[in-house]
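The values are calculated or read from the model by the stated rules, or taken from the named source; none is laboratory data. Keep in mind it's a predicted model, so treat the numbers as computed, not measured. Virtual Cβ from ideal backbone geometry, glycine too; neighbours counted across all protein chains shown. Remember, those area values only see protein heavy atoms, side chains included, never the ligands or the DNA or RNA. Shrake-Rupley method; radii C 1.70, N 1.55, O 1.52, S 1.80 Å.
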Amino acid sequence: MEAFTRKGISASVAFAAAFTLLAGCTGNGAGGGSSATADPPDSASAQESAVESAGGELKETYDPPVTITTAWGVDPALKFKNGETIENNVATKWALDKFGIDIKSLWSVTDTNGAFATKLRLTMSSGQKMPDVLVVGDKLLEQDLIDSGIFQEAGTLFDKYASDTWKTAMELDPHVWDPYIRDGKRMGIPILDYAYNHDYLLWIRQDWLDKLGLQAPKTIDELETVMDAFKNNNPDGLKPEEVTPLSIGFKDTLRTWMGSPSWLFGAYGTIPNQWNVAEDGSLEYGSTNPAMKQGLAKLKEWREKGYIPQEVALWDANKTAEPAVAGTAGIIPGPYWMSGWPLGDTAIVPEGAWKPHAIPAGPDGTAGRHGTHFTNGVILINKDMEHPEALFTYQNYVYDHLANPPAGSPYEIGLFKGYDYDIDENGEPVYGDDIEGGTVNVVRYLLVRDGARIPDAQMKALLNLADGKEPSTRLEKEVANNYGVETPGAAKVLLSQEGISYKNMFTGPPTETMKSKLDYLNKLENQTFNEIIYGQKPIDAFDAFVQSWMSGGGADITREVNEWYANIK
C-alpha cells in the first residue's frame with residue numbers, strides 16, 4: 001500500500017535539482033525560497049519598510065567594539081587548552097580582533113542531563129536578563145523561548161543583512177524556516193546542517209556475503225535469505241545464538257539515528273513516528289497508517305526466528321552498535337558516515353569488511369526511509385539587542401570564508417594554528433596528536449554551533465572523492481581524513497536512492513492537544529507495538545490501537561497539524 005505520496009518528497013527533489021545547479025547560482029536579494037514561505041501576503045510595502053528599518057549599519061569591523069552577550073551549554077566532551085574556557089578563548093579573541101565584536105557570556109553550564117535547558121527556563125521564569133543571542137538545539141525549548149515574547153522577528157534582519165552565501169544555503173530547503181514561524185513572522189534563524197546526515201542505508205558484513213557466495217539484498221525477501229545464512233550458516237563459525245543478523249532496537253522510538261527499523265515500514269508504504277503526506281495531500285501520522293501492520297508482523301516473525309535481538313524493545317541506538325563492533329552482527333542500519341564511527345572500531349574483522357548497501361524494497365517495489373531535515377537548531381535574537389547587525393557581520397564571514405574554504409584559502413588547512421592544526425618543521429600541516437598539547441574542536445567555540453554548514457557541501461565533497469578526485473579543499477580533506485574509507489562510497493549509495501527520503505512534514509510548535517495528550521498517545525503506541533512484536537497481542541490489535549489513538553486526542557492533533565500545514569503552504 002502506498003501510504004506516502006510523491007508530494008512528500010518535493011523538498012528532496014528540489015534539493016536534487018539545486019545540488020546540480022548550485023555551483024552556477026549567486027544568491028541575490030532576500031532569497032525567494034524563505035520569503036515566499038514565511039512572509040504574509042497582505043502588505044509588500046510594509047514588509048519592505050520593516051526590512052529597511054531593522055537594525056543599524058552593517059560593518060566589517062566595529063570601532064569602538066560592540067558587545068554580543070550569549071549563554072553557553074558546554075558539551076562535556078569539549079576540550080580546552082592553554083587555560084582557556086568557553087567564555088575566553090582563541091575564538092572570542094579572534095572575534096574581538098577581527099570584527100571588533102566582544103562576545104560576553106552571561107553564564108555557562110556543562111550541558112549534562114539537560115542542564116542548559118533547565119538553566120534557561122529558570123532564567124526566563126525568574127525575569128533575569130536574557131542574552132542578546134541564543135543558540136538552541138532543544139525542540140521544545142526553542143518553541144518555549146519563541147513564545148516567551150523576549151526575542152524579535154529575525155526574518156527581516158536576515159533579509160537585510162545576510163550574505164549571498166548564507167541566503168543561497170538557506171534556499172536549498174525553504175521549509176527550514178517552518179518551525180519558527182508565528183503569524184507569518186520568522187522568529188528565529190535556522191541553524192543549517194549537512195544534508196542527509198541521518199538518512200539510512202544498510203551496513204553489511206561484505207566478507208560474510210563473499211564467503212557465503214551471496215549478493216547484497218535488494219528486497220525484503222532477499223534480506224531474509226541473507227539473515228538466515230548469517231545466523232544458521234555463519235562463515236566465521238559463530239553459533240546461531242551468538243549471531244545478531246540484523247542489529248536494531250527501538251527502546252524509545254522506531255525512528256532513532258542508528259539501528260532503527262523505520263525503513264522496514266517504508267518497504268510497505270509508511271514511515272512511523274512522523275507526519276507524512278497522504279494520498280489526498282493532507283498530513284497523516286505514519287504510525288497509524290494500515291501499512292504498519294505488515295511491518296509489525298515482519299518484526300514479530302524476525303524476532304521469533306532470531307534475526308533481530310530478543311530484547312529489541314530494550315535496545316537504544318548505542319546498544320545496537322555493540323554486536324557490530326564485537327564482530328557478531330551481520331547488518332546494522334544507519335547513516336552514511338558510520339564506517340568512521342562506530343564501525344571503524346570493529347578491530348577483529350578484516351579491513352573493509354563493512355560495506356554500504358541500498359535500502360531493500362518491499363513486495364511491490366516500494367522503499368522508503370526517514371529523511372533528515374537540513375537543520376540543527378535555531379538562532380534567537382533578543383528584542384533588546386543594541387546591535388543585531390553585528391551578529392551578521394560575524395556569521396556572514398563564517399559562511400563566506402569558513403563553511404567551505406577552497407584551495408588557497410587562509411582557512412584551507414584549519415581555523416586556528418596550534419588548536420585544530422599546526423605546521424611542522426618542513427612547513428607541512430599536521431593534525432591530531434602531532435599538535436603540541438593535542439587537538440581541540442575549535443569550531444565548537446564559535447558563537448553559532450558548528451560555525452556554518454552549507455547543506456550540500458559535505459555531500460559534494462564526498463561524491464568528488466567517490467569519483468576518484470584527490471582531496472584538495474578543506475572539506476574534502478576533512479571527510480577523507482576523519483570519516484572512514486567507506487564514507488564516500490556510502491554517500492554515493494545514499495544518493496542513488498535520493499527519491500525514497502521522506503522527511504517529517506510537521507515541524508511546527510506543539511499543538512494545543514499535543515501538549516496535553518501526546519505523552520499518553522506515545523505510550524499507547526509503544527506499548528501496543530511492543531505487544532504485537534512480542535506476540536502478546538494479535539496483529540489485529542493495531543486496528544484497535546488506531547481507534548484508541550484517534551479517540552484519545554489523535555483526531556484533534558491531526559486536525560491541528562493540518563491547519564498548521566495549510567497555513568505554511
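Scanning segment 171-185 for residues that are open to solvent by less than 20 Å² (accessible area, probe 1.4 Å), farther than 30 Å from Thr320 by Cβ and not in a loop (DSSP other than H, G, I, E, B) yields Trp177, Asp178, Tyr180.
Residues of segment 451-475 being of a type in the set (D, E, K, R) and open to solvent by less than 30 Å² (accessible area, probe 1.4 Å), which ones? Let's see the steps before the verdict.
First, the residues of segment 451-475 that are of a type in the set (D, E, K, R): 453, 456, 460, 467, 469-470, 474.
Asp456 - this is the single residue of segment 451-475 that is of a type in the set (D, E, K, R) and open to solvent by less than 30 Å² (accessible area, probe 1.4 Å).
The sole residue among Glu486, Glu478, Glu531, Glu498 that is out of contact with any strand residue (DSSP E or B) (no Cβ under 7 Å at 6 or more places or on another chain), among the acidic types (Asp, Glu), in contact (Cβ under 8 Å) with a residue 60 or more places away in the chain and surrounded by 15 or more Cβ atoms within 10 Å (Cβ to Cβ) is Glu498.
Kindly evaluate Lys537 against the criterion of being touching a residue at least 12 places away in the same chain (Cβ under 8 Å) and of a type outside the set (Ser, Thr, Tyr). Judged against the criteria, Lys537 is not a match. Taking the numbered list (1) open to solvent by less than 40 Å² (accessible area, probe 1.4 Å); (2) without any contact (Cβ under 8 Å) to a residue 24 or more places away in the chain in turn, Ile423 passes all entries but (1). Would you be able to say whether some residue in segment 433-442 is assigned to a loop (DSSP other than H, G, I, E, B), touching a residue at least 40 places away in the same chain (Cβ under 8 Å), crowded, with 20+ Cβ neighbours inside 10 Å and aliphatic (A, V, I, L, M)? Yes - at least one qualifying residue is present in segment 433-442.
Looking across segment 347-373 at every residue that is among the β-branched types (Val, Ile, Thr) and open to solvent by 10 Å² or more (accessible area, probe 1.4 Å), the one that is nearest to the chain's Cα centre (by Cα) is identified as Thr372. Name every residue in segment 56-103 that is among the aliphatic types (A, V, I, L, M), over 27 Å from the mean Cα position of the chain (by Cα) and not in a helix (DSSP H, G or I), in order of residue number. Result: Leu58, Val66, Ile68, Ile101, Ile103.
Scanning segment 540-569 for residues that are touching a residue at least 12 places away in the same chain (Cβ under 8 Å) and among the hydroxyl-bearing types (Ser, Thr, Tyr), we see that the one that is surrounded by the fewest Cβ atoms within 10 Å (Cβ to Cβ) is Ser548. Scanning segment 507-523 for residues that are modelled with pLDDT under 95 and either within 17 Å of the chain's Cα centre (by Cα) or among the aliphatic types (A, V, I, L, M) (or both) yields Thr507, Gly508. Evaluating Thr511 against the criteria (1) within 23 Å of Asp252 (Cα to Cα); (2) open to solvent by 60 Å² or more (accessible area, probe 1.4 Å) leaves one unmet condition, (2). Pairs meeting the criteria (first residue in segment 111-124 and closer than 16 Å to Lys139 by Cα, second residue among the hydrophobic types (A, V, I, L, M, F, W, C) and part of a helix (DSSP H, G or I), beta carbons under 6 Å, at least 6 apart or on different chains) are Ala117/Leu141. Across segment 244-277, the number of residues qualifying as open to solvent by less than 10 Å² (accessible area, probe 1.4 Å) and either touching a strand residue (DSSP E or B) at 6+ places or on another chain (Cβ under 8 Å) or at positive phi (or both) comes to 18.
So, in segment 458-483, how many residues would count as being of a type in the set (Gly, Ala, Ser) and within 19 Å of the chain's Cα centre (by Cα)?
From segment 458-483, those of a type in the set (Gly, Ala, Ser) are 461, 466, 468, 472, 480; that's our starting set.
Imposing the further condition that a residue be within 19 Å of the chain's Cα centre (by Cα) reduces the set to 461.
Going through segment 458-483 one residue at a time, the tally reaches 1.
Considering only residues that are buried (at least 22 other Cβ atoms within 10 Å of the Cβ), more than 19 Å from Lys298 (Cα to Cα) and not aliphatic (A, V, I, L, M), which ones fall in segment 324-334? Of everything in segment 324-334, just one residue is buried (at least 22 other Cβ atoms within 10 Å of the Cβ), more than 19 Å from Lys298 (Cα to Cα) and not aliphatic (A, V, I, L, M), namely Gly334. Checked against the criterion of being within 22 Å of Trp257 (Cα to Cα), of a type in the set (Gly, Ala, Ser) and either buried (at least 16 other Cβ atoms within 10 Å of the Cβ) or in contact with an Asp or Glu (Cβ under 6 Å, 6 or more places away or on another chain) (or both), the candidates Gly114, Gly137 yield just one match: Gly137.
Out of segment 104-116, which residues are over 29 Å from Lys160 (Cβ atoms) and either over 23 Å from the mean Cα position of the chain (by Cα) or not in a loop (DSSP other than H, G, I, E, B) (or both)? Please lay out each step first, then the result.
Looking only at segment 104-116, we keep the residues that are over 29 Å from Lys160 (Cβ atoms), and these are 107-116.
Answer for segment 104-116, where residues must be over 29 Å from Lys160 (Cβ atoms) and either over 23 Å from the mean Cα position of the chain (by Cα) or not in a loop (DSSP other than H, G, I, E, B) (or both): Trp107, Ser108, Val109, Thr110, Ala115, Phe116.
Given the structure, is Thr70 touching a strand residue (DSSP E or B) at 6+ places or on another chain (Cβ under 9 Å), over 22 Å from Gly377 (Cα atoms) and of a type in the set (S, T, N, Q)? Spelling it out, it is not the case that Thr70 is touching a strand residue (DSSP E or B) at 6+ places or on another chain (Cβ under 9 Å), over 22 Å from Gly377 (Cα atoms) and of a type in the set (S, T, N, Q). Residues that are over 25 Å from Thr528 (Cβ atoms) number at least 1 in the following strands (runs of 3 or more DSSP E) confined to segment 186-278: 189-192, 201-205, 244-246. Within segment 389-414, the set of residues being in a loop (DSSP other than H, G, I, E, B), of a type outside the set (Asp, Glu) and open to solvent by 10 Å² or more (accessible area, probe 1.4 Å) comprises Asn404, Pro406, Ala407, Gly408, Ser409, Pro410, Tyr411, Ile413. Pairing residues of segment 378-390 that are farther than 13 Å from Leu447 by Cβ and at pLDDT 95 or above with residues that are among the hydrophobic types (A, V, I, L, M, F, W, C) and open to solvent by 60 Å² or more (accessible area, probe 1.4 Å), at Cβ distances under 6 Å and at least 6 apart in sequence or on separate chains, gives Glu389/Leu58.
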